[in-house]
Structure formats: structure tokens, C-alpha cells
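A short reminder: the numbers here are calculations on the coordinates, not readings from a lab. None of the values given here were measured: they were computed from a predicted structure. Here the Cβ positions follow ideal geometry from the backbone for every residue, glycine too, while neighbour counts run over all protein chains shown.
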Amino acid sequence: MRDPYTVLGVPRSVTDKDLKSAYRKLAKAHHPDQNQDDPKAHAKFAEISSAYDFLTDKEKRASYDRGEIDADGNPRFAGFNRTSGGRAGAGAAGAGGFSAEDILKEFMSGFGGQQPRGGGRGAGSQSWDPFTGGGASSGGYSSRTTSFAGEDLNATATVTLEEAHTAASVPLRMPTGKTLNVKLPKDVEEGQQIRLKGQGNASPMGGPPGDAIVTVKFERHKQFRREGSDLRVDVPITLYEAVLGGKVRVPTLDGSAELNLPASVNTTKALRLKGKGLHGKGDLYVTLRIVLPETGDPDLESLMRFWRDQKPYKVRDN
């Protein structure tokens, strides 16, 4: 990840309040739903969310500001910056480029490259490893020289409301071309990030791979409209069901459910099915839509004329 302060466009002295304000502004501007024609929108939104999560973690932010870790949370060694292409930091200005092995050599020479007493540099001899405090084989440098992890990968998993509701496992094709099976956490929310250990880029120095940071996005549903944990759905009914009442089947994330309609139901108000929203935390609000026959009916028209002339009623102010 790039410098999180740069990603969010804030100074290092930014307050928690201003940080949150900057995030909200950027998240709204770059949300994939608002930029459906931009193929980079998902990656940009994920980067903004990752930067905000990083800076709102007080321990990570403090360590980053002190130069102890990089923007991916990986530790920095003195004088070496992972993201600077392997060149020495400010403390080694003018000294030229240094690889990780060069730095380790400096550590070793600084400790005299000493061996255990009574030993030579024959088979089985060891030197002190400054990273672990233990011995390292003299046949080469410590295995910690290859411990620099690979870069993390950002990806977006677009899931259905049903998949989020049931905490399903969903296939996700990564930027590398690899397909992963991602298990959604219980009560997953849109924008939530899932870290998949070891599923990022390989380390160029032979260390462990990075992680995959997966941002969850909810797919637009063909029936339900989401309002937080609440859901709304339109259900068509006949004219006689509206007048006489009855039982109708309505869709829910758990399958269809039966709804009792009272006689002369007022279709201007939504009927609530408690606990039938997302994750069972919200409710389902059913809006009834009266649908007339597709073709005109003389009897119905005659009844409506009688009703209009003999039993009129007002539903509007004008």
C-alpha cells in the first residue's frame, strides 16, 4: 500500500475527526456504485478503506510514524526501506545502494563475525545471528535474510445478499489469475475487509508471501432494497385481495414466507415482517402493489362506476 496519509490526502498531524471526514468524502466519491464505468474504482475504494483502517489503528499509526513499520504493517530494519527498491535510508546517504544481504553483512561485521569459543570455520561452525540472537550456519547468511514478506494484494469480492446473509463461501478470482474460495464471516457488512494469510504476492527475496486483503461489496438485488440491516420489497396483489384480505407469499432471504393481509388493507403503508432482514438483525418491509387485470373487464368497470356514483370517497386533498 502507498503512504496512507497520501492516499487519504491528510497531513500526519490529522485528528481522528478530520481523518474520518476525509475518509467519508473519498469513500463517497470513489464508491464502485457511483463509478460503475471505471474499472479501477474497486481498487481505488479498497485502497482508501485500507489506508483508513491502518491509520485508525493507533498502535500501527504510531509505529508507522516512528518508522518502525511500513504501510503494509511489515517491520522496517534500520537504514532500509522495503518500498525504496532496496536502497539505504537517510542514515546511509552517500553510501550507495545496499541489498538486504549487504545490511546483514554490516550487522555481522559489527559483532565481529565471532564464532562460538573453541570452534573454527569448519563444518558445523556457527556465527551469531543479530536478528534472532541465536546461531546461524557459517555456510551462508542467516535464513532471516529471506524473511522479507511479499506485498499484499487488494481484491474486491462482490457477493449477493443471500451469500452475505448465510455467511457463504464464495469463489474469488485474484489479480494474479488464481481463484480462491473466500469464507464470509458471520454478519459481514459491506466494505468490511477480510485478510487471507499467505495469498498475496510472492516475496522476491524468498520470504513468506504477502496477504490478500479482500473488500466485500454487496451486489444490487433484483427484488430487495437494503437500508442498513432492513430490507424492502414490493409484492403485487389483486384488487379483491386488497379488499377482502387473505394470505400471500412474500420473498425473504430465507425463502418465501406467508403474510396475512387484513381486509381493506391500506397499501400506502408497508407491512413489517420482524427479524426477516439481513442477518436476522433487521426487518423486512413489504409494500403492496395492486395490479388490475391486463384486459378491461365490463363487470369491474360497471362496479367501479356504481361505487364512484353511489359511494364516493376521497384519497387526495384536491
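The 3J(HN,Hα) values that the Karplus relation (6.51, -1.76, 1.60; θ = phi - 60°) gives for segment 292-298 are, in residue order, 7, x, 5, 10, x, 10, x Hz. Gly and Pro appear as x. The phi torsions of segment 208-221, fed into the Karplus equation with coefficients 6.51, -1.76 and 1.60 and a -60° offset, translate into couplings of x, x, x, 9, 9, 9, 9, 9, 8, 10, 8, 6, 5, 8 Hz, rounded to whole numbers, with Gly and Pro shown as x.
Counting pairwise Cα distances across segment 209-256, what percent come out greater than 18 angstrom?
Distances greater than 18 Å cover 54 percent of the Cα pairs.
Applying the Karplus relation 6.51 cos²θ - 1.76 cosθ + 1.60 with θ = phi - 60° to segment 174-184 yields 3J(HN,Hα) values of 7, x, 6, x, 7, 9, 10, 9, 9, 8, 6 Hz, where x marks Gly and Pro. Rounded to 0.05, the FRET efficiency of the Gln34 and Tyr313 pair, given R0 = 45 Å and the Cβ-Cβ distance, is 0.55. Remark on Ala257: its backbone amide H falls under 5 Å from those of Val250, Thr252, a criterion applied only to residues 5 or more positions apart or on other chains, H modelled at 1.01 Å from N. Sketch the reach of a paramagnetic label on Glu301 as a point 7 Å from Cα along Cα-to-Cβ, and name the residues of segment 214-243 whose backbone nitrogen lies under 20 Å away. Under 20 Å, as judged by backbone N against the label point of Glu301, lie 239-240 of segment 214-243.
For segment 1-44, the orientation-averaged shadow of the C-alpha convex hull comes to 3.2 nm² (one quarter of the hull surface). For segment 10-79, the convex hull spanned by the alpha carbon atoms encloses 96 Å³ per residue. Seen from all directions on average, segment 248-318 presents a Cα convex hull projection of 7.3 nm². Between Arg225 and Ala168, the contour length at 0.36 nm per residue exceeds the Cα-Cα span by 18.5 nm.
Taking 35 Å as R0, compute the FRET efficiency from the Cβ-Cβ separation of Thr176 and Thr15 and round it to 0.05. The calculated FRET efficiency here is 0.35. Here each label is just a point 7 Å from Cα along the line to Cβ, and for Gln193 and Asp254 those points are 3.4 nm apart. Projecting the Cα positions of Ser256, Tyr240, Gly280 onto the charge dipole of segment 225-310 (unit charges on Cβ atoms of Lys, Arg, Asp and Glu, taken about the Cα centre) puts Gly280 furthest along the positive direction.
Close amide H contacts of Ile290 (hydrogens built in the peptide plane, cut-off under 5 Å, sequence separation of 5 or more or a different chain): Ile237.
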